[in-house]
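Just below is one structure, and these are the notes that go with it.
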Amino acid sequence: MGKLITASQFPDPDAAYRSVIEAHRGLSAEASADLDARLVLVLANHIGDADVLAEAIALAQASSEQS
Amino acid sequence: MADPDIRKDPRKVVYRYAYRRAADQDVGRGARHPVVVVGAGPVGLVAALDLASRHIPVVLLDDADRIGEGSRGICYAKRTLEILDRLGVGEALVARGVTWKLGEVYLGDTLVYGFDLLPEDGHKMPAFINLQQYYLEKALVDRVSEVNGIDLRWNNRVSGLTLHDDCVELTIETPEGPYHLQVEWLIAADGARSTVRELIGLKFRGLTFEDKFLIADIRMAADFATVRRFWFDPPFHSGQSALMHRQPDNIWRVDLQLGPDADVEEEQRPERVLQRLRRMLGERDFELEWVSIYRFNCRRLDGFVHGRVIFIGDSAHQVSPFGARGANSGVQDAENLAWKLAAILRGEAPATLLESYDVERGQAADDNILHSTGSTDFIAPRSAAERRLRNAVLGLAPKAEFARRMVNSGRLSTPTIYHSALTTPDAAPFAGSARLGAPVPDAPLETRDGSPGYLLERLGGLFEVLYVSDGRRPNTPEDVKVTVIGEDLIDRTGLFAARFDTRPGSTYLVRPDQHLTARFRSFEGDKVRAAMDRALGKQ
């Protein structure tokens with residue numbers, strides 16, 4: 001572990017969150033899930049590092065277990 | 001090769017062979033043979049031919065008396081063609097087959113991805129040919145009758161075996177009743193439903209996929225280009241995948257995904273099949289040659305060697321057809337095994353050399369299963385979430401290069417690079433495309449008198465040293481053949497130099513299966529000797 005950046009990077013985190021929310025607004029659950037799938041792939045490729053991706057997946061899985 | 005007698009029900013005979021009584025059938029307790037191969041499919045035939053080329057006599061048993069029944073492979077990869085060429089049938093098969101290199105992948109009716117296998121210049125064999133499996137088997141059976149040392153027995157079905165420390169006892173059923181054989185080494189090339197495997201009671205580890213696929217060969221005079229075409233969700237076969245690929249004689253392979261719930265009986269009814277094909281092909285004239293329904297397995301035995309029984313091909317491991325990794329990997333199993341078994345039988349290597357067959361071909365099987373599972377998961381996603389991600393890749397493919405590289409309609413067979421104890425690690429760096437543990441790359445090389453040819457056809461199936469001329473003639477061990485590049489063979493194109501990253505004095509040790517096992521920047525007889533001992537398992 002250690003390559004994934006979890007410290008906040010956006011100068012305006014609220015705006016970043018909002019832009020994702022707004023992309024989903026008005027979509028059916030189905031269309032929304034499709035959008036997320038494409039977004040995951042686009043962002044994963046942008047990262048381009050299998051270790052970081054694995055850490056990101058682990059973090060996402062761990063968050064689900066806690067909730 | 002003569003044209004086959006293909007009947008209207010092509011699951012039946014293409015070529016028929018006669019049962020003949022063998023002298024062994026009159027030997028009460030059973031005659032003894034060094035090697036018996038069970039199964040005269042492509043893999044068993046290659047094993048027998050390769051062993052015979054190394055002067056090991058082989059009895060080859062097949063439970064049928066014909067070629068042509070059952071499922072059929074069509075795509076033969078470059079490495080397989082190189083092996084077939086060494087065994088004397090490669091050129092005729094390439095001439096008979098359809099050489100191809102282009103692929104197209106569609107989503108609906110939109111082209112999302114095209115590929116060109118872009119074969120490098122200066123290789124004797126093409127990247128791929130398509131050819132009906134019965135032509136390959138016929139060529140190999142013909143070759144068996146041309147060479148010495150193979151006793152091919154049709155209608156000989158293994159029905160029992162007993163494992164001993166020093167041999168395997170076989171019971172074999174024939175039309176004239178059973179007989180017995182004792183065999184030092186038994187090679188099981190008897191396919192996915194291996195009788196030998198069942199008699200020993202060995203189990204597979206891996207996956208069976210739920211989706212069913214319709215596979216059909218159709219005869220059709222069409223002017224389509226020679227391109228492997230694959231569709232996800234095509235208009236003519238909604239929600240599923242489809243594949244179309246050319247074979248010789250105006251035969252086309254069509255593969256239609258039917259989903260997990262398809263009714264196998266219903267889907268094989270000719271009217272039903274014709275209706276599906278009609279949607280794909282429109283009003284074009286075509287005839288149905290062969291139809292089958294498949295479910296795919298990606299699985300293997302834990303070990304390929306069990307005492308004196310050795311599993312090769314589908315009896316050892318199975319993959320889905322997307323990627324052409326079935327017959328191709330089986331032929332490479334046979335090649336890997338043949339020289340090792342021959343060395344053991346001649347007393348040149350310890351029996352423990354067979355462990356390297358298990359390791360090296362186990363690596364290849366894992367590699368093939370990984371790729372084949374990935375392709376099958378992409379083509380037939382196992383859950384709604386997997387389907388969503390698959391469709392996300394296809395949706396992004398026209399817009400983004402990264403997604404095109406994720407589109408997976410089959411990753412085509414290439415040789416696995418062995419990480420093997422037989423290989424001597426590099427002491428000095430080498431660039432170029434030659435890799436330790438991989439088949440040496442081919443390159444054009446002329447003889448001294450100027451006649452053209454290729455490296456791989458000059459390699460005779462023995463341990464060979466390729467030595468790059470520096471004006472000396474190295475003093476080599478007696479049993480090693482040395483070829484001096486620049487004297488015995490001339491690298492006029494410079495492709496050998498580029499692919500092997502040569503300098504004057506560079507020395508390459510090639511195994512009998514044409515894999516690179518050691519290389520040095522200068523020739524030293526004791527190092528070559530040690531590398532050869534290592535490659536023979538004499539550590």
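All of the numbers you see were taken from the coordinates with simple rules; none came from a lab. All of these numbers come straight from a predicted model, not from anything done at the bench. Ideal geometry is used to build each Cβ from the backbone, glycine not excepted, and the neighbour counts take in all protein chains shown.
Dividing the mean sequence gap of close Cα pairs (under 8 Å, 6+ apart) by how many residues chain B holds gives a relative contact order of 14 percent. Can you grab the distance from the C-alpha centre of the range A:30-67 to the C-alpha centre of the range B:347-411, Å, no decimals? So the separation of the two Cα centres works out to 22 Å. In a DSSP loop and with at most 12 other Cβ atoms within 10 Å, the trypsin sites (Lys or Arg not before Pro) in the range B:316-358 are B:R346. Of the trypsin sites (Lys or Arg not before Pro) found in the range B:478-539, those that fall in a DSSP loop while having at most 14 other beta-carbon atoms within 10 Å are B:R492, B:K538.
Using C-alpha pairs below 8 Å separated by at least 6 residues, the relative contact order for the range B:446-535 is 31 percent. Each DSSP beta bridge with both residues in the range B:446-535 is either parallel or antiparallel, and the antiparallel ones are about 60%. The Cα center of the range B:330-344 and the Cα center of the range B:43-110 differ in position by 16 Å. Here chain B is assigned +1 on the Cβ of each Lys and Arg and -1 on the Cβ of each Asp and Glu. Its dipole about the Cα centre then comes out at about 860 debye.
Each Lys and Arg adds +1 at its Cβ and each Asp and Glu adds -1 at its Cβ; summed about the Cα centre, the protein assembly as shown shows a dipole of about 260 debye. Relative to one another, the C-alpha centroids of the range B:432-469 and the range B:487-514 are positioned 6 Å apart. Between B:I485 and B:Y467, B:V468, B:S469, the built amide H atoms are under 5 Å apart, and every one of these is 5 or more places off in sequence or on another chain.
Taking amide H as placed 1.01 Å from N in the peptide plane, B:L207 has its amide H under 5 Å from the amide H of B:C298, B:R299, each at least 5 places away in sequence or on another chain. Normalising the average separation of contacting C-alpha pairs (under 8 angstrom, six or more residues apart) by the number of residues puts the relative contact order of the range B:147-220 at 20 percent.
Other residues whose C-beta falls under 14 angstrom from the C-beta of B:P381 contribute a net charge of -2, scoring Lys and Arg +1 and Asp and Glu -1.
Which order do the peptides B:188-198, B:112-122 take when ranked by the mean count of other beta-carbon atoms within 10 Å per residue, highest first? Mind dumping the intermediate values first?
Details: B:188-198: 21.2, B:112-122: 14.4.
Result, highest mean first: B:188-198, B:112-122.
Percent antiparallel among DSSP beta bridges with both residues in the protein assembly as shown, to the nearest 5? DSSP beta bridges in the protein assembly as shown are roughly 70 percent antiparallel.
Counting, for every residue in A:36-47, the Cβ atoms of other protein chains within 10 Å of its Cβ and taking the mean gives 4. Between the amide H of B:L445 and those of B:G453, B:Y454, B:L455, distances stay under 5 Å, these residues lying 5 or more places away or on another chain, with hydrogens modeled in the peptide plane. Computed across chain B, the Kirkwood radius stands at 24.7 Å (inverse of mean 1/r, all Cα pairs). Neighbours of B:A443, meaning other residues whose beta-carbon lies under 13 angstrom from its beta-carbon, give a summed charge of -4 when Lys and Arg score +1 and Asp and Glu score -1.
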